[in-house]
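**Student:** Here it is, the structure in full.
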Amino acid sequence: MAKATKKSAGKKATAEKKSGAGEAASAPKKSVARKKSAAGKKSVTGKKAVAGKKAAIAKTPSVISAIVEPLAPPPPQAIGASSAVLDRLWAVIDSRRAADPNLSHSARLLARGTAKVAQKFGEEAVECVIEATLGHPEGLVAESADVLYHLLVLWVDGGVRPADVWAELQRREGVSGIAEKASRARSLPQELNLGTSKIP
C-alpha cells in the first residue's frame, strides 16, 4: 500500500513536471508569436506611412521641382541688351583717344579730325535712310547700330557726354514737339542777331 502511494505520488510529480515544462516551452512560443505579430503590424504601418508621404509628395510637384530643378536663366533683356550699352560704348570710345590708330578703329576715326568724323556719321545716316526707304527691317537694325556708334564717336570728339543728351531728352519729356520747335525757332534768330523772330 505504501509502495502504491509512492508510485502514485511519483507519477503526479512527473506529470506536473511535464506540464510545467510544457507551459514553459509554450511561453517562449507565444512571446515569439506576439513579437512577429507586432513586427508585422509595425511593417504594415510603416509601409502605409511611406505610401502616405509619397502621395503627399506627388500632390505637391511644384514644391519638389522648385527644390530639385535649377532656377531658370534670366531673360536676355536682363543680361545687358538695353540702353545702358550706349553709356558703356561711349566709355570705350573715349578710352581709345590715346590708343594706337593701327590697332583701334575708334582711335583711327578720332585721329582724322572732326570733319572726317562728322562725314562718316553722315554716310552711315544716309545708309540707314536707304534701308528704311527700301523696307528692310534687318538692314535698318544693322545700319541703326552703325549710326549710333558713329554718333557716339562724334560725341567723344565734341566733348559731349551721354548724360548731357539724356538730360536734354528728359527736359523735353512731356513737352509738345510743336511747342518745343516753335521756341527754338524764336530763339535761333535772336542768337544770330538777325533782328527778327522769323527764320530767313
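What follows draws every value from the coordinates through simple rules; no lab data is involved. Note that the structure is a prediction, hence the values are computed from the model and not measured. Glycine also receives a Cβ, built like all others from the backbone with ideal geometry; neighbour counts cover every protein chain displayed.
**Student:** Being acidic (Asp, Glu) and surrounded by 14 or more Cβ atoms within 10 Å (Cβ to Cβ) is the filter; apply it to segment 94-130 and report the residue that is nearest to residue 146 (Cα to Cα).
**Tutor:** 124
**Student:** Is it the case that some residue within segment 83-93 is farther than 18 Å from residue 146 by Cα, within 34 Å of the chain's Cα centre (by Cα) and not in a loop (DSSP other than H, G, I, E, B)?
**Tutor:** Within segment 83-93 (the criterion being farther than 18 Å from residue 146 by Cα, within 34 Å of the chain's Cα centre (by Cα) and not in a loop (DSSP other than H, G, I, E, B)), the answer is no, since none of the residues qualifies.
**Student:** Now, a different point. Which number in (1) over 36 Å from the mean Cα position of the chain (by Cα); (2) loosely packed, with under 13 Cβ neighbours inside 10 Å marks the one condition that residue 138 misses?
**Tutor:** Among (1) over 36 Å from the mean Cα position of the chain (by Cα); (2) loosely packed, with under 13 Cβ neighbours inside 10 Å, the lone unmet condition for residue 138 is (1).
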